[in-house]
Amino acid sequence: MLDGRFDYAKQLAHEAFDFATRVSGPYSREIYAQLSFSGQKILIDELCGETAPDVVNHFRELRERYPESVTLRAAPAFFLSRAGRLDDARQELFALSRNGFAELPQNVTWLFGICLLAEAVHYVNDRDWAESLYRLLLPYHDRNVSISVVACFGSAHRFLGLLAATCDRW
């Protein structure tokens, strides 16, 4: 995905899904197969400019089932902001922004979720939220942002740059 070979990325996502459905285990079909495949497909489609119209509702349903996932909690704000639905994105962000986003659980989904929020905050152009997220993300400046084997967003520097720009830090 990082080098723009989206057709190949879609093919690999399908192959990974087929493999994951054959793996035994209590969470293999639902967690590893379904969530991983839907996450990969949605992100590939988004990068290709082909976001499905129901993607926000899809992630809202998933976050109800898995509230501990910061990524799933942040995804609606990300997709709403990317679609230009800034008032709706602000509502999603407001619901997550208690204590400057510091109440979000720091688990395996946290870094990817914070970066989704960073992009959404950049789109809605909220300086206070950007300052809060910048402080949270700065210790991870040298990290590669990924969510397990599902997706990679590249360097955390990109998201710090978006937040810095939102705060007029040139």
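The values are calculated or read from the model by the stated rules, or taken from the named source; none is laboratory data. Quantities reported herein were computed from a predicted structural model and do not represent experimental measurements. Neighbour counts run over all protein chains shown; Cβ positions are idealised from the backbone, glycine included. Note: accessible area is taken over every heavy atom of the protein model, side chains too, but ligands, DNA and RNA are not part of it. Shrake-Rupley method; radii C 1.70, N 1.55, O 1.52, S 1.80 Å.
Express in nm, to one decimal, how much length is gained between E64 and C152 on full extension, taking 0.36 nm for each residue of separation and deducting their alpha carbon distance. Display every interim value, and only then the final one.
Working: separation 88, 0.36 × 88 = 31.68 nm, distance 2.38 nm.
Separation in residues times 0.36 nm, less the Cα-Cα distance, equals 29.3 nm.
On a 0 to 90 degree scale, rounded to 10, what angle separates helix 86-96 from the longest Cα axis of the chain?
90 degrees
Give me Rg over Rh for the stretch 47-96, both radii from the alpha carbons and Rh done the Kirkwood way, two decimal places.
Numbers: Rg = 10.5 Å, Rh = 11.0 Å.
Ratio value, two decimals: 0.96.
Would you list W129, W170, W110 from the most to the least accessible area, probe 1.4 Å? Please list the in-between numbers first.
Numbers: W129 35, W170 230, W110 10 Å².
My answer, sorted largest first, is W170, W129, W110.
What's the longest uninterrupted piece of the chain once you rule out the GluC sites (Glu not before Pro) that are loop residues per DSSP with at most 15 other Cβ within 10 Å? Before the final figure, lay out the partial values.
Working: sites that count: E50, E68, E103.
With a cap of 15 other Cβ atoms within 10 Å, the longest stretch comes to 104-170.
Between D54 and T21, what FRET efficiency follows from the Cβ-Cβ distance if R0 is 30 Å, with the result rounded to 0.05? Display every interim value, and only then the final one.
Numbers: r = 23 Å, r/R0 = 0.76.
Taking R0 as 30 Å, the efficiency between D54 and T21 is 0.85.
Can you give me the angle between helix 70-82 and the longest principal axis of the chain, using Cα atoms only, in degrees from 0 to 90, rounded to the nearest 10?
Once rounded, one gets 70 degrees.
For the full complex of protein chains and a 1.4 angstrom probe, list S24, S155 by accessible area with the highest value first. Before the final figure, lay out each step's value.
Working: S24 105, S155 50 Å².
The residues order as S24, S155, largest area first.
Just reorder F153, F59 by solvent-accessible area, largest first, 1.4 Å probe, all chains present. Spell out each step's value before the answer.
Details: F153 40, F59 20 Å².
So the residues, ranked largest to smallest area, are F153, F59.
Convex hull volume of the Cα atoms in the stretch 94-164, per residue, in Å³? Walk me through the numbers on the way to the answer.
On the way: hull volume 5.9 nm³, N = 71.
Dividing the Cα hull volume of the stretch 94-164 by its residues yields 82 Å³.
Enumerate the residues in the stretch 120-134 having an amide nitrogen under 16 Å from the point lying 7 Å beyond the Cα of Q106 toward its Cβ.
Of the residues in the stretch 120-134, 132-134 have backbone N under 16 Å from the label point off Q106.
As an exercise, find the ratio Rg/Rh for the stretch 46-170 from alpha-carbon atoms, using the Kirkwood inverse-distance average for Rh.
Rg/Rh for the stretch 46-170 comes to 0.93.
Quote the relative contact order of the stretch 64-122 in percent (integer), defining contacts as alpha-carbon pairs under 8 Å separated by 6+ residues. Present the calculation step by step, with values, prior to reporting the outcome.
Working: 63 pairs, mean separation 30.1, N = 59.
Across the stretch 64-122, relative contact order equals 51 percent.
At a probe radius of 1.4 Å, what is the per-residue accessible area of C48, in Å² to the nearest 10?
Surface open to solvent at C48 totals about 50 Å².
With a 1.4 Å probe and all protein chains left in place, how much of the accessible area of the stretch 99-157 comes from carbon and sulfur atoms, in whole percent?
Values: 1380 of 2790 Å².
That share works out to 49 percent.
Between E46 and R98, what's the calculated FRET efficiency when r is the beta-carbon distance and R0 is 35 Å? Round to 0.05. Don't jump to the answer; show the numbers that get you there.
Numbers: r = 27 Å, r/R0 = 0.78.
Taking R0 as 35 Å, the efficiency between E46 and R98 is 0.80.
Summing Lys, Arg as +1 and Asp, Glu as -1, what charge do residues with Cβ under 14 Å from the Cβ of F59 carry, F59 excluded?
Within the 14 Å Cβ shell, the charges total 0.
Please determine, in degrees from 0 to 90 and to the nearest 10, the orientation of helix 127-137 with respect to the longest principal axis defined by the Cα atoms of the chain, where the helix direction is its Cα long axis.
Helix 127-137 sits roughly 60 degrees off the main axis of the chain.
Before I look further, what does the stretch 38-170 give for accessible area per residue, probe 1.4 Å, in whole square angstrom? It would help to have the intermediate numbers written out before the result.
Numbers: 6540 Å² over 133 residues.
Spelled out: the 1.4 Å probe surface of the stretch 38-170, per residue, equals 49 Å².
Once the other residues with Cβ under 13 Å from the Cβ of L138 are scored (Lys, Arg +1; Asp, Glu -1), what is the net sum? Kindly include the intermediate steps, with their values, before the conclusion.
On the way: positive: R135, R143, R169; negative: E131, D142.
Every neighbour counted, the sum reads +1.
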